[in-house]
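Structure record follows, encoded as structure tokens.
The values are calculated or read from the model by the stated rules, or taken from the named source; none is laboratory data. None of the values given here were measured: they were computed from a predicted structure. When we count neighbours, we look across all protein chains shown, and the Cβ atoms used for this are built from the backbone with ideal geometry, even at glycine.
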């Protein structure tokens, strides 16, 4: 048999049918999907990042797809299998399928990307199996892209917009932990898309590794967490105990080797929350300082002179090395809600003053004459 044909059959055997996916879906959720064939997609652009996602156009579409609209295709096509055939099925199920199920199981939130409704299928011998999914493409790209674009124009994003995004980031993470009862673990500027109304949508729910740019120091160690009977500032202190049973590995395709989040979410939810408060702080610094996502040490430069000192204090507080010294999610949400309201009020006031000044200048010109000094008749 031709090697290519054999590879294709092996690849197909590792994929899951839509019916098999439905068996794994949470009960009581709207899990209706439409399907789009992979060979009906036309790649428009490749997106950065390790997921290999692309912007695509659908040439033949079911009724729900809008003509000429662009979508993000996230999947594991044949090329991914040929590149890394070893443990492909496990990789496929623990990342791609896991992300679909996680999103479908989540209570909706305006700052979290909703679950996909379009599954992309690979067809062989008249049978279809899932190789990815489609999500709407955001023409405003990500928060990271917004920062890069503004810097190229030598422009500072407005304080009200930055405060709004910080507030929405905190809301999304609080919803993730308190309502959805899960975690994100890869929170960073590139994983927050900006919609047409300049609201953010948190994406990338594979839960297969932490961000190298924003992860908290405690999550890269294999250790348990529990709340003690010792209180400080009205809160129980969290104690971390390193694993003594030897090295463990459950993250084959990400960093670090061991994922502490599942255990922490059960035994000590606050430990999981406070680790993502650190990631919030790192992400907020990149936005406020206005730098592309990076692993550099958090430092404020003269470029951030327009950022209020109390905003910087909150960001640095979120990044305390000791998780017990970080603010709780509720505190972070409340701070940025108030900061956004104040920034909006200041922006409205500044615009009103500019309008008054413009009107006043216009009246003075009408009274004294044109710019060349001639009198107005």
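The numbered conditions (1) touching a helix residue (DSSP H, G or I) at 6+ places or on another chain (Cβ under 6 Å); (2) in a loop (DSSP other than H, G, I, E, B); (3) surrounded by fewer than 21 Cβ atoms within 10 Å (Cβ to Cβ) are all true for residue 160 except (2). Scanning region 281-306 for residues that are surrounded by 11 or more Cβ atoms within 10 Å (Cβ to Cβ), over 23 Å from the mean Cα position of the chain (by Cα) and more than 22 Å from residue 322 (Cβ to Cβ) yields 303, 304, 306. When 252, 226, 181 are checked against the criterion of being touching a helix residue (DSSP H, G or I) at 6+ places or on another chain (Cβ under 8 Å), part of a strand (DSSP E or B) and outside the structural domain of residue 90 (by TED's automatic domain parsing), 226 stands alone in meeting it. Of all the numbered requirements in (1) under 30 Å from residue 96 (Cβ atoms); (2) in contact with a helix residue (DSSP H, G or I) (Cβ under 7 Å, 6 or more places away or on another chain), residue 318 misses one, and that requirement is (1).
Answer yes if at least one residue in region 325-332 is surrounded by 10 or more Cβ atoms within 10 Å (Cβ to Cβ), over 22 Å from residue 213 (Cα atoms) and in the same structural domain as residue 280 (by TED's automatic domain parsing), and no otherwise. Write out each step before concluding.
If we filter region 325-332 for residues that are surrounded by 10 or more Cβ atoms within 10 Å (Cβ to Cβ), which is where we start, we get 325-332.
Filter once more, keeping what is over 22 Å from residue 213 (Cα atoms): 330-331.
Those left that are additionally in the same structural domain as residue 280 (by TED's automatic domain parsing): 330-331.
Yes; the residues of region 325-332 include at least one that is surrounded by 10 or more Cβ atoms within 10 Å (Cβ to Cβ), over 22 Å from residue 213 (Cα atoms) and in the same structural domain as residue 280 (by TED's automatic domain parsing).
For every residue, the table says whether it meets (1) at pLDDT below 95; (2) in contact with a strand residue (DSSP E or B) (Cβ under 7 Å, 6 or more places away or on another chain); (3) more than 25 Å from residue 170 (Cα to Cα).
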{"position": "225", "(1), (2), (3)": "no, yes, no"}
{"position": "232", "(1), (2), (3)": "yes, no, no"}
{"position": "237", "(1), (2), (3)": "no, yes, no"}
{"position": "246", "(1), (2), (3)": "yes, no, yes"}
{"position": "252", "(1), (2), (3)": "yes, no, yes"}
{"position": "256", "(1), (2), (3)": "no, no, no"}
{"position": "261", "(1), (2), (3)": "no, no, no"}
{"position": "266", "(1), (2), (3)": "no, no, no"}
